[in-house]
Every structure is written in C-alpha cells, then in structure tokens.
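Remarks on the structure that follows.
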Amino acid sequence: MKVLRTVLLMLALLLVMAAPAIAQAPPPLDVVKWSFPPAFKNVTITVVGDAGHNLKPYEFWKNDFEKVGITIQVIEVPFEGVYEKEKTEFIAATGAFDVVTFYPAYIGDFAGNRAKVLALAGVQVLTDEKLRAEIKDAFDKAEK
C-alpha cells in the first residue's frame, strides 16, 4: 500500500511539473534568417491528395504563399478515390494538378508508367546517358 501511495504521489508531482509544458506550444526559435522571395503575379498552384492530414502542410503555409502572390488551391479527394483520380490525370495529362500527394505504395504504379506518363505530358524522357551528359554539362557551366 505504501508503494502504491508513493507511485501515485510521484505521478501527481510529475503531472504538476509537466502541466505548463503540456498547456502551451513552444515559442518559435527563428534560428534561420530568411526573407520572402520576390513576388509572383497571381500564380495558382493546384494540389490534390487524400482528404485529411496529408494536405495540412499546404493549408499551414497557405498564407505565406499568398504573401508572395501564389494561391494554393487544395483539392481533397476521399482516400479511396485518390489512386484513380491521380492515375487518370497522369494518363490524360490535362495539367489539372501541379502537385500530387499520394500514398507511398502507389509509387510503383505511377513510376512504372513513367515514360508513358511523361511522354503524354510532353516531357522529354531522358535516358541514363542523356541525364549524365546534362548533369555533367550543368556542372561544367557552374565551374566556369
């Protein structure tokens, strides 16, 4: 009985000491100095993903984007419909979405059709040799 009372007393003491930390979020540290980039003029970025917490970062930063002239339009799709909606867009290549957020397990299906998807979107598909050559050229130009 004495041990139980001691444990309960210690838990109560711990709770009292932790209460201020639990009650409020820590203040921002502002350890990285930065400034907003130059303003864009009425740019809209359309983001699609499953409705829920995965799209919260876009909502969180929405006001900061608006300060530089970028509007974030978030399209929430029920989780069950994300795969079909995004796959359909990748194949149709209408350009409806600028950013897609998806469940990591889908990457195999999306990346497996990379050449077809990119070709439909009008993107040049680079072979490994072409990619190496372009990277080398970029580094060569940067060294000059």
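List of remarks:
- Test result for GLU59, assigned to a strand (DSSP E or B), of a type in the set (D, E, K, R) and in contact with a strand residue (DSSP E or B) (Cβ under 9 Å, 6 or more places away or on another chain): no
- Matching residues in region 74-114 - criterion: being without any contact (Cβ under 8 Å) to a residue 24 or more places away in the chain, loosely packed, with under 15 Cβ neighbours inside 10 Å and within 26 Å of VAL43 (Cα to Cα): THR88, THR94
- When ILE45 is tested against (1) modelled with pLDDT under 80; (2) surrounded by 14 or more Cβ atoms within 10 Å (Cβ to Cβ), exactly one condition is not met: (1).
- Scanning region 90-106 for residues that are more than 9 Å from VAL48 (Cα to Cα), of a type in the set (Ser, Thr, Tyr) and not in a helix (DSSP H, G or I) returns THR94, TYR103.
- Residue match in region 78-89 (condition: assigned to a loop (DSSP other than H, G, I, E, B), under 18 Å from the mean Cα position of the chain (by Cα), aliphatic (A, V, I, L, M) and modelled with pLDDT of 85 or more): no
- Some residue of region 58-69 being acidic (Asp, Glu) and under 12 Å from the mean Cα position of the chain (by Cα): yes
The values are calculated or read from the model by the stated rules, or taken from the named source; none is laboratory data. Since the model is a prediction, treat every value here as computed from it, not as a measurement. Methodologically, a virtual Cβ is constructed for each residue, glycine included, from the backbone with ideal geometry; neighbour enumeration extends over all protein chains shown.
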